[in-house]
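See below for the structure under consideration.
The values are calculated or read from the model by the stated rules, or taken from the named source; none is laboratory data. Worth saying up front: this structure is predicted, and the values here are computed from it rather than measured. Neighbour counts are summed over all protein chains in view; Cβ atoms, including those assigned to glycine, are modelled from backbone coordinates with ideal geometry.
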Amino acid sequence: MESEQQVATLVAKGEEAAGQGNTYEARELFDEAMSIAMKLPSTEPERLKAVLATSTFYYRDLDRRVTACELAKRASDDAIAELDAMPEDTYQESTKLMAQLRDSLTEWCAEMQDE
């Protein structure tokens, strides 16, 4: 199974486990997805999806807000740095996911400042 498909499958299973309240299993699945995803190019849509799902899980389900923000910021910064080298066939999807990461990061930082 190619890496992108493995990541997508693990993220989907992680989201399902989180939705069922099984945070231990969800964390294991998200962590495994991230270990594979981080080997993919920083602008690869499946990597960005994994970061978005994992950071959201850390923020909302585990209440590890700083970790979630650091993960999202690092992924966003890495992807922006590689923007010029982004394959044309994934450009639209990748930039959409990058915007979602940035929006989540902005929202989370604002929430943390309000507390």
Odd one out for Arg102, checked against (1) touching a Ser or Thr at 6+ places or on another chain (Cβ under 7 Å); (2) charged (D, E, K, R); (3) without any contact (Cβ under 8 Å) to a residue 24 or more places away in the chain
(3)
Restricting attention to the stretch 7-20, the residues that are surrounded by 23 or more Cβ atoms within 10 Å (Cβ to Cβ) and among the β-branched types (Val, Ile, Thr) number exactly 2
Condition first: under 22 Å from Tyr58 (Cα atoms) and at pLDDT below 90. Can you find one or more residues in the stretch 98-109 that meet it?
yes
Free of Cβ contacts under 8 Å to residues at least 12 places away in the same chain, under 12 Å from the mean Cα position of the chain (by Cα) and over 25 Å from Cys109 (Cβ atoms) - does that describe any residue in the stretch 24-38?
yes
Hey, can you tell me all the residues within the stretch 81-95 that are under 20 Å from Ala53 (Cβ atoms) and either out of contact with any helix residue (DSSP H, G or I) (no Cβ under 9 Å at 6 or more places or on another chain) or touching a residue at least 60 places away in the same chain (Cβ under 8 Å) (or both)?
Gln92
